[in-house]
1. Could you tell me which helices of the chain pass both thresholds, a Cα extent of 24 Å or more along their own axis and a mean Kyte-Doolittle hydropathy of at least 0.5, with helices taken as whole DSSP H runs?
2. Could you work out how much longer the chain between residue 186 and residue 77 gets when fully extended? Use 0.36 nm per residue separation minus the Cα distance between them, nm to one decimal.
3. What is the extension gain from residue 167 to residue 86, computed as 0.36 nm multiplied by their sequence separation minus the C-alpha to C-alpha distance, in nm to one decimal?
4. Grab the beta carbon distance between residue 102 and residue 177, set R0 = 22 Å, and tell me the FRET efficiency rounded to 0.05.
5. Calculate, in nm to one decimal, what residue 5 and residue 144 gain on full extension: separation in residues at 0.36 nm each, minus their alpha carbon distance.
6. How large is the helix-only mean residue ellipticity at 222 nm for the chain, computed as the sum of -39500 (n - 2.57) over DSSP H runs with n ≥ 4, divided by its residue count, in deg cm²/dmol to the nearest 500?
7. Towards the positive end of the charge dipole of segment 51-185, with charges on Cβ (+1 Lys, Arg; -1 Asp, Glu), say which of 184, 161, 142 has the farthest Cα.
8. Based on the alpha carbon coordinates of the chain, what radius of gyration and maximum Cα-Cα distance (Dmax) apply, in Å?
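Just so it is clear, none of the values below were taken in a lab; they were calculated from the coordinates. A quick note: this is a predicted structure, and the numbers were derived from the prediction, not measured. All Cβ positions, glycine included, derive from the backbone under ideal geometry; neighbour counts span all protein chains shown.
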Amino acid sequence: MRMPKPTIKQKLLLSYLSMALLTVVASAYAVVSLQNLNRLAHAITSQDYVILQTSKNIMDALLAQENTEKKSLIFKDTSFANIFFTRSLEFRNGIAGIKKHHLPGFANVLTQLSSLQDQYDALFHKELALIQENRMEEASLLSEQDGKRIIEAMAGYVRIIGKKTEENIDRRMILFKDQGLTASRITITLSILSLIAGFSL
């Protein structure tokens, strides 16, 4: 027994249903893709760029501490202590700000930086005591040896943060571009299929 041929009304209904289904699928995919792109954009602007700028700020704070330490030795003046510890606090606040993002691979670097800042503060306290006792040669030697070692280690870790963050930005920008192109192509393809389905029935 042969199946009855669909009527024009049935064909039109099937055509509209096919178009509607493909349109819904295309729209849903576009919305999901847009949400993914928004998440990537948010991560880049509110996380990566913030951390990159913070890494520059803490490097400035570190260099300012080193400069202040040297000035206190040159001028034999302990009044530079306020400036030094203000910069030290800026450095610590920057580290705390980066920690809030809970980024993988940064925990050990940030822990090391906090420890080194503690060491640098303690070293500067020793230098101040030596300056007050007019033991300038010992203070200078402490700065040139231990101070230089600590500064170089801290600067190295800060550079690691900056480099990793730049790599994250590059990776996410490539992902953003690729996902955007893929989403556009699939959405266009689904839209075309929707039209074809509508006209073929």
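1. Details: long enough: 8-43 (52 Å, 0.89); 49-74 (38 Å, -0.08); 81-99 (27 Å, 0.19); 107-132 (38 Å, 0.04); 148-200 (77 Å, 0.25).
Span-like helices here: 8-43.
2. Values: separation 109, 0.36 × 109 = 39.24 nm, distance 6.89 nm.
Here the answer is 32.3 nm.
3. On the way: separation 81, 0.36 × 81 = 29.16 nm, distance 3.11 nm.
Net length gain for the segment: 26.1 nm.
4. Working: r = 26 Å, r/R0 = 1.20.
It comes out at approximately 0.25.
5. Working: separation 139, 0.36 × 139 = 50.04 nm, distance 9.52 nm.
Separation in residues times 0.36 nm, less the Cα-Cα distance, equals 40.5 nm.
6. Values: 6 runs with 167 residues, N = 201.
Helix contribution divided over all residues of the chain: -30000 deg cm²/dmol.
7. Going by the charge dipole, the pick is 184.
8. 30.9, 114
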